Amino acid sequence: MQPAPFPLSPSLWAATAAPPPPTGPLDASAQADVAVIGGGYAGLSTALHLAERGVKVVLLEAREIGFGGSGRNGGQVIPGLKYDPEDLISMFGPERGERLTRFAGATADVVFDLIERHAMDVPRVRAGWIQGAHTPQALRIAQGRAAQWARLGVDAQPLDRAQVARLIGTDKYLGGWVDRRAGAVQPLSYARGLARAALNAGATLHTDTPVTGLRRDGGKWTVSTARGPSVSADRVVMCTNAYGGDLWPGLKPSIIDANTFQVATAPLPDRIRAGIFPEGHVTSDTRNLLLYFRLDHQGRLLMGGRGPFREPKGESDWAHLERVMLKMFPQVAGTPFEFRWCGRVAVTRDYLPHLHAPQPGLLVDIGCQGRGVGLQTCMGAAMAEYVATGDANALPVPLSPIVPFPLYPLRRLYVNAVVSWYRMTDGGV
């Protein structure tokens, strides 16, 4: 039996989020044009954009809105993908590669525009993202990345060691680059804001309604639930990412559901806070086991990174992050750690988002790669356009078959081995 996922309630975001909109379980069978499975960014964005087109949409969420990665992530809104623009053109060709670059580059704009347009109660900042480089080679790559985006007209520039130290508040990086399109949000408040916007647009959202099966018969889909009632729909969009379990055959082995851990201090005293991210930037670095960190809207310093693949057993599972934070920011010593939490990230074989259509009328979105806030918001809008119009050009990546990771049953062993290797080769801080 699979262990229960780590609860949402211990997270910083659950403690500081805006209230959720009123939703409840599915208590009677329903009909819809489109059934959406999953109440995270992708599912909520799909439901919102379909409802705005006048499509009758019913969304089913197993637990609460934002229970998965959407309510647990670091809240950084970083445009782009793990690949640089030139890499995407090389992989997909000029036309599709440039289209994917534009799509990924606009993700932060879309998030902040949605928040404004729907007057969401979401604490946010948009000062830019700094990628700190931890080795000379990483610095060369990071500054080349800045040059690529700058050639496309993006407000991006390389940073030297002194600039990074001043803007972040630590001297542990050799330099880096800044992308001023980026920012940060309170991620659970944002998920709840999307839910409220979808409801206002006419979508129906049901929480505490686990989906247990999908069946297609005579051109209609039946979405069965653990509560008994079902939804009949012409189309189904599945947006469960790392929390989909065995709902669709072969989907779970197509990703590694890595665990990412985070800690947050109590609000920092003003004299300390003034020297950490003084201009409001957010950061992740170039390590293989990357670190990501920022201040929240109440002045807490939070840091995230990889932890055990298993679910946590106690506070000691976060101790490595606490040690790293104090090495990087010794000025916060004495400030207690107030929150510890974790969540799953869906990592694909090629570090790209995947779209699958394993049967007619079923669309599956999976693979956020740690860029989910902007990426999955925009993926939802793209999927809504595709479902409503049938235009495959609306999709940023081509539909692909579901392919399992090799030796998937051994994933815990090789993930733990890779993590151990990277911890040795990434170097200390």
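Laid out as a table, the results:
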{"read-out": "Qualifying residue in the stretch 283-300 (condition: among the polar types (S, T, N, Q), surrounded by fewer than 20 Cβ atoms within 10 Å (Cβ to Cβ) and within 17 Å of Val345 (Cβ to Cβ))", "value": "yes"}
{"read-out": "Residue within the stretch 25-36 that is under 30 Å from Pro10 (Cβ atoms), in contact with a His (Cβ under 8 Å, 6 or more places away or on another chain), in contact (Cβ under 8 Å) with a residue 60 or more places away in the chain and surrounded by fewer than 22 Cβ atoms within 10 Å (Cβ to Cβ) present", "value": "yes"}
{"read-out": "Selected residue (criterion: farthest from the chain's Cα centre (by Cα)) from residues of the stretch 237-263 that are among the small types (Gly, Ala, Ser) and more than 20 Å from Cys342 (Cα to Cα)", "value": "Gly250"}
{"read-out": "Residues of the stretch 363-403 that turn out to be assigned to a loop (DSSP other than H, G, I, E, B) and touching a strand residue (DSSP E or B) at 6+ places or on another chain (Cβ under 8 Å), as a count", "value": "10"}
{"read-out": "Selected residue (only one of Arg96, Arg181 is of a type outside the set (Ser, Thr, Tyr) and either part of a helix (DSSP H, G or I) or surrounded by fewer than 18 Cβ atoms within 10 Å (Cβ to Cβ) (or both))", "value": "Arg96"}
{"read-out": "Lone unmet requirement of (1) in a helix (DSSP H, G or I); (2) basic (Lys, Arg); (3) crowded, with 20+ Cβ neighbours inside 10 Å for Arg340", "value": "(1)"}
{"read-out": "Which listed residue, of Gly176, Gly153, is on the phi > 0 side of the Ramachandran plot and in a loop (DSSP other than H, G, I, E, B)", "value": "Gly153"}
{"read-out": "Filtered residues of the stretch 383-401 (kept if of a type outside the set (A, V, I, L, M, F, W, C) and either surrounded by 14 or more Cβ atoms within 10 Å (Cβ to Cβ) or under 22 Å from Phe92 (Cα atoms) (or both))", "value": "Glu385, Tyr386, Gly390, Asp391, Asn393, Pro396, Pro398, Ser400, Pro401"}
{"read-out": "Within the stretch 113-138, tally of residues that are over 18 Å from Ala42 (Cβ atoms), in a helix (DSSP H, G or I) and in contact with a helix residue (DSSP H, G or I) (Cβ under 9 Å, 6 or more places away or on another chain)", "value": "1"}
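Okay, residues lined up against (1) more than 23 Å from Pro79 (Cα to Cα); (2) part of a strand (DSSP E or B); (3) among the β-branched types (Val, Ile, Thr); (4) out of contact with any helix residue (DSSP H, G or I) (no Cβ under 6 Å at 6 or more places or on another chain):
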site: Ala191; (1), (2), (3), (4): no, no, no, no
site: Ala195; (1), (2), (3), (4): no, no, no, no
site: Ala198; (1), (2), (3), (4): yes, no, no, no
site: Gly213; (1), (2), (3), (4): yes, yes, no, yes
site: Trp221; (1), (2), (3), (4): yes, yes, no, yes
site: Arg235; (1), (2), (3), (4): yes, yes, no, no
site: Gly245; (1), (2), (3), (4): yes, no, no, yes
site: Pro253; (1), (2), (3), (4): yes, no, no, no
site: Ala258; (1), (2), (3), (4): no, yes, no, yes
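Any read-out appearing in this document is the output of simple, stated calculations on the displayed coordinates, not a laboratory observation. No experiment lies behind these values; they were computed from the predicted model shown. Please note: Cβ atoms are built from the backbone with ideal geometry, for glycine as well, and neighbour counts cover all protein chains shown.
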